[in-house]
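The values are calculated or read from the model by the stated rules, or taken from the named source; none is laboratory data. Remember, predicted model here, so these are calculated numbers, not experimental data. We place every Cβ from the backbone using ideal geometry, glycine too, and count neighbours over all the protein chains shown. Note: areas computed on protein heavy atoms with side chains; ligands, DNA, RNA excluded. Shrake-Rupley method; radii C 1.70, N 1.55, O 1.52, S 1.80 Å.
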Amino acid sequence: MPIKPTKLIWRNGEMIPWAQATTHIATHGLQYGTAVFEGMRAYETRHKGPAVFRNREHIERLLFSAKVYRIAINYSLDDLMAVCREIIRVNDLRAAYIRPVAFLGYGEMGPSAQNCPSEVAVMAWPLGAYLGDEALKKGIDVSVSSWRRLAPSTTPAGVKAAGNYLSSRLIGMEAKDQGFVEGIGLTHDGLVSEGAGENIFIVHKGRIITPPAAASILGGITRDTVITLARDSGIEVTEQSVPREMLYYADEVFLTGTAAEITPVRAIDRIEVGSGNRGRPVTSALQEKFFGLFTGKTEDKWGWLDPVG
Ligand code: PMP
């Protein structure tokens, strides 16, 4: 994803020019990966103007991630939600990607250092379709990675920490080197986990199945959105272990994430998903409901849109 510099970044309580948002090389978060972050979107909605999508749930996850690694955040949920709206306003953004980050700063060396100050920052820049407009329509080709996801009781996969993305990098780079758009990670014991930066869903005989929290996944907010929208439409959703072969006999497969939104999978390991000519009725219906939230066609019964004002 290209970074498109904007005017201002919020850092530790103040707005500073983009170019001044630098940090010392001895920063703990850089040396040991002690950083937690969020990836959020603001949508330009037809009926409410620019709005942050599921602002609350993203900031809640940031606070939870920080708690696990003892990165003190001296701002409340409401404070940080307000910053996410403000960063859109001050930079005159409409559809944008928002990146809050909290990390241990400069102060001490050693992985269990207890006297590093923590820093919190929020930046944002314009963003459209992450995997391309075509990807949302035609689907992408993915492969199952030879790299396994983080095993339970190692570094927690359910925490959105910078260091977890070393696993994503290995999975994603292997896939790209082999000509695929994205890689799918299996758990340490060989079950389907998630994509390098997306959760995975399969559709089989009209029912939706997705791996559970214990399958070394990040509990995606888009995943929760899709589960909620599907159930609201009367489609059954089950969170259950998914053996690899299920990917090959699924009628439809799709990936979800803030950046990826709802991206259909065209083929896995070069095996075409479904029968090709029957379309993707469930994925298409969910895409329509999801994008309808931003045109007003889908009623936002859940209060997911937080207009920036
Ligand atoms: N899994 C991983 C590893 C991710 O990086 C992401 C993107 N944040 C997701 C799943 C999807 O999460 P969300 O829908 O909250 O963006």
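Couple of notes before you dig in:
- Listed by first and then second residue, the pairs linking a residue in region 208-225 that is at positive phi to a residue that is among the acidic types (Asp, Glu) and near the ligand (Cβ under 8 Å from one of its atoms), with Cβ atoms under 8 Å apart and 6 or more places separating them unless they lie on different chains, are Ser216/Glu194.
- Checking Ser146, Ser153 one by one, the residue that is more than 18 Å from Arg41 (Cα to Cα), surrounded by fewer than 18 Cβ atoms within 10 Å (Cβ to Cβ), modelled with pLDDT under 95 and not assigned by TED's automatic domain parsing to the domain that holds Gly49 is Ser153 and no other.
- Phe180 meets all of the listed conditions (1) within 16 Å of the ligand (Cβ to nearest atom); (2) touching a strand residue (DSSP E or B) at 6+ places or on another chain (Cβ under 6 Å) but one, namely (1).
- Condition met for Glu174 (within 12 Å of the ligand (Cβ to nearest atom) and open to solvent by less than 60 Å² (accessible area, probe 1.4 Å)): no
- Residue within region 277-295 that is open to solvent by less than 50 Å² (accessible area, probe 1.4 Å), under 30 Å from Asp189 (Cα atoms), in contact with a strand residue (DSSP E or B) (Cβ under 8 Å, 6 or more places away or on another chain) and not in a strand (DSSP E or B) present: yes
- Ser112 being more than 27 Å from Phe53 (Cα to Cα) and at pLDDT below 95: no
- Filtered residues of region 185-222 (kept if crowded, with 23+ Cβ neighbours inside 10 Å, closer than 24 Å to Ser284 by Cβ and hydroxyl-bearing (Ser, Thr, Tyr)): Thr210
- The single condition among (1) small (Gly, Ala, Ser); (2) closer than 27 Å to Thr155 by Cα; (3) within 16 Å of the ligand (Cβ to nearest atom) that Ala230 does not meet is (2).
- Single unsatisfied condition, Leu247 versus (1) assigned to a helix (DSSP H, G or I); (2) within 16 Å of the ligand (Cβ to nearest atom): (2)
- Evaluation of Leu93 against (1) over 26 Å from Thr27 (Cβ atoms); (2) assigned by TED's automatic domain parsing to the domain that holds Gly183; (3) among the aliphatic types (A, V, I, L, M); (4) crowded, with 21+ Cβ neighbours inside 10 Å (one fails), failing number: (2)
- Just one residue in the set Phe103, Phe64 is open to solvent by less than 40 Å² (accessible area, probe 1.4 Å) and of a type in the set (Phe, Trp, Tyr); that residue is Phe103.
- Qualifying residue in region 187-198 (condition: in contact with a strand residue (DSSP E or B) (Cβ under 9 Å, 6 or more places away or on another chain), of a type in the set (Ser, Thr, Tyr), at pLDDT 95 or above and within 12 Å of the ligand (Cβ to nearest atom)): yes
- A Cβ distance below 9 Å, combined with a sequence gap of six or more or placement on separate chains, defines the contacts here; from region 181-201, residues that are farther than 16 Å from Gly219 by Cα reach residues that are more than 7 Å from the ligand (Cβ to nearest atom) and of a type in the set (Lys, Arg) in the pairs Glu182/Lys176; Gly183/Lys176; His188/Arg148; His188/Arg149; Asp189/Arg148; Gly190/Arg148; Gly190/Arg244; Leu191/Arg244.
- Output for region 250-268, where each listed residue is surrounded by fewer than 20 Cβ atoms within 10 Å (Cβ to Cβ) and either part of a loop (DSSP other than H, G, I, E, B) or within 15 Å of the ligand (Cβ to nearest atom) (or both): Asp251, Ala259
- Boolean, Gly234 is at pLDDT 95 or above, surrounded by fewer than 15 Cβ atoms within 10 Å (Cβ to Cβ) and outside the structural domain of Thr155 (by TED's automatic domain parsing): no
- Candidate set: region 296-306, residues that are more than 25 Å from Arg207 (Cβ to Cβ) and in contact (Cβ under 8 Å) with a residue 60 or more places away in the chain; chosen: the one surrounded by the fewest Cβ atoms within 10 Å (Cβ to Cβ): Gly296
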